[in-house]
């Protein structure tokens, strides 16, 4: 037997022995350190961090759209414009009409203090509302499906000149539409993050395969199959993606928890964050990252090994 064949047989026996000893764990051929490991860990962590905020945005805008749609649809407002000497009497007449409206609850005539509170964000708390020609405002809750906004509007025009019904449709619809579009953008951002993560992990896996070309040729010489070599890379890069995504997710959840609440922000941030069971959703990000790392690395490894055969 020639020396080359004897050496090949010894290498093959060594490979089989390593497989039996390590329980078919051939991921030792993948370098545990280096720029591919750092790139995979950093990219997975950064993408998971961004995914937490994209998920928080999608959930928060969804709650915002539902809240605006439900709250504004549950009441209407009636404005009564009249000379100062007649405004109170006309407002009381409109209240009597509203009390007899099917599907409507008890109307509430807003006091001057309540109107001043509504105007405070624009005119300041010291604005003398009594000196302004502010119309009387009546808040009317909707309690039944038989409520007919258009019929009530026509009745007010006929029986109470100067009374205008505002069902908030004109400005409610754009707000709800904007919130729904923000939710769609949040979902699209999540999909883009997944695609970017898959691309980065694929590039890192190909770089690792190219850097270990000599090792792969030796492994093939001693009998290692392509699926075994690919599995070694898949295991290592899946672990790196899961670890990096786990760290990034925890940091992202901590950052979201530090955001001011809706009350502290004056309602401006609309409670951006997670509520209740929503805090469990970010925990799925490391699982998704591991799945993305598994399939991206497997695809890259098998295609590259097939190309250099």
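The values are calculated or read from the model by the stated rules, or taken from the named source; none is laboratory data. What you are looking at is a predicted structure, and each value in this text was computed from that prediction instead of being measured. All Cβ positions, glycine included, derive from the backbone under ideal geometry; neighbour counts span all protein chains shown.
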Next item on the list: Considering each residue of region 90-139, count those that are on the phi > 0 side of the Ramachandran plot and modelled with pLDDT of 80 or more, and give that number.
Entry: 1
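Yes/no per residue for (1) buried (at least 21 other Cβ atoms within 10 Å of the Cβ); (2) touching a helix residue (DSSP H, G or I) at 6+ places or on another chain (Cβ under 7 Å); (3) within 30 Å of residue 95 (Cβ to Cβ); (4) in contact (Cβ under 8 Å) with a residue 60 or more places away in the chain:
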{"site": "176", "(1), (2), (3), (4)": "no, yes, yes, yes"}
{"site": "221", "(1), (2), (3), (4)": "no, yes, no, yes"}
{"site": "228", "(1), (2), (3), (4)": "no, no, no, yes"}
{"site": "235", "(1), (2), (3), (4)": "no, yes, no, yes"}
{"site": "239", "(1), (2), (3), (4)": "no, no, no, no"}
{"site": "244", "(1), (2), (3), (4)": "yes, yes, no, yes"}
Notebook entry, point to check: Only one of 204, 210, 196 is touching a helix residue (DSSP H, G or I) at 6+ places or on another chain (Cβ under 7 Å) and either surrounded by fewer than 16 Cβ atoms within 10 Å (Cβ to Cβ) or more than 16 Å from residue 305 (Cα to Cα) (or both); which?
Noted result: 196
Item checked: Check on residue 144, surrounded by fewer than 16 Cβ atoms within 10 Å (Cβ to Cβ) and in a loop (DSSP other than H, G, I, E, B) -> yes
